[in-house]
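Please read the structure below before turning to the comments.
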Amino acid sequence: MKKKVLITILIVIVIAIIGVGYFVFMDMQQEGKLKTELSELSELSNAENIDINAINDRLDRTVTTGDYAIVEDAFKTYLKENFENSMQIANILNDEKLTTLLTVENYQNDGKDFMESKKYITTTRATLEDCKTKYKEFLTEEKAMSYINDKGLDSYYTDLYKEEFVGDMENAESDGVVENSIDDIISILNTSEKVLNLLSQNQDSWEIEGENIVFNSESLSNQYDELVNSL
C-alpha cells in the first residue's frame with residue numbers, strides 16, 4: 001500500500017516538473033520570439049534605405065502570445081507613434097512648397113494678399129512645433145513606460161520591457177540634429193512670412209516683370225533683399 005502511495009506521489013511530482021518545465025520552455029520561446037522580432041525591427045529602422053512598408057507591416061503584426069503579446073503590443077504602439085511623428089517631420093522637411101513660397105510663380109499665383117501661402121506657413125509652423133515637442137517626449141523613459149504601466153502585468157514583464165527594450169532613456173539625449181533641422185525650417189517659415197507680409201502690405205509698390213519682381217521704392221526693395229538674403 002505504501003509503495004502504491006509513494007509511486008503515486010512520484011508520478012504527481014514528475015508530472016508537475018514536466019508541466020513547469022513545459023511552461024518555462026514556452027515562456028523562453030515567447031521571449032525569444034519577442035527579442036528577435038524587435039531586433040529585426042530595429043535593423044529595418046536603421047537601414048540605409050528604409051522600407052517604410054516593411055516597418056509598418058512589422059508594427060501592425062503580433063508574433064507572441066499571452067503576456068508577451070501585451071509587452072509586444074505596448075512597445076510596438078510606442079514605436080509606431082514615434083515613427084509616425086518622425087515621418088510627419090520628414091515629410092514637412094522635404095516638402096517642395098517650402099522652396100516655392102518666395103518665387104515669382106507663387107507671387108503671381110497667390111499674390112498680392114498671399115492668403116494661401118500665409119495659411120500654409122501658420123499651419124506648417126504649428127505642426128512642426130508640435131512634432132518637435134512630441135519628438136523630445138518620445139525620448140523620455142516616462143513616455144516609453146506609459147504604454148505598459150497600466151496593463152496590469154507582473155513586474156517581470158514590465159521590467160523586461162524597460163530593461164530590454166526601453167533602456168536607460170533618462171540619461172539619453174538627442175544629438176540635436178532633428179531639433180536643429182526643425183528650427184531651421186521654422187526660421188525659414190518666419191522669414192518667408194515677413195517677406196510676404198511686406199509684399200501684401202505694399203501691394204502698389206511692386207510688380208512682376210518677366211521672371212523678376214520689380215519695386216518702385218528703393219527702400220522697399222532694400223527691405224525685401226535684406227530679408228531674402230538672410231535665408
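The values are calculated or read from the model by the stated rules, or taken from the named source; none is laboratory data. Quick caveat, the model's predicted, so the values are computed rather than measured. A quick note on method: Cβ atoms are made from the backbone with ideal geometry, for glycine too, and the neighbour counts reach across all protein chains shown. Side chains included, ligands, DNA and RNA excluded: accessible areas come from the protein's heavy atoms. Shrake-Rupley method; radii C 1.70, N 1.55, O 1.52, S 1.80 Å.
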Discussion item. Sort 99-107, 48-56 by the packing proxy (mean of other Cβ within 10 Å over each peptide's residues), most packed first.
Written reply: 99-107, 48-56
Worksheet item: Measuring from centroid to centroid over Cα atoms, what is the spacing of the range 211-231 and the range 49-65 in Å?
Response: 50
Item to complete: Calculate, for the range 182-231, the solvent-accessible area per residue in square angstrom, rolling a 1.4 angstrom probe over the heavy atoms of the protein chains.
Response: 59
Fill in: Charge sum, other residues only, whose C-beta stays under 14 Å from residue 85's C-beta, Lys/Arg counted +1 and Asp/Glu -1
-1
Worksheet item: Ranked highest first by average number of other Cβ atoms within 10 Å, how do 69-75, 109-115, 202-208 line up?
Response: 69-75, 109-115, 202-208
Practice prompt. Can you figure out the FRET efficiency of residue 164 with residue 187, using R₀ = 35 Å and their beta-carbon distance, to the nearest 0.05?
Written response: 0.30
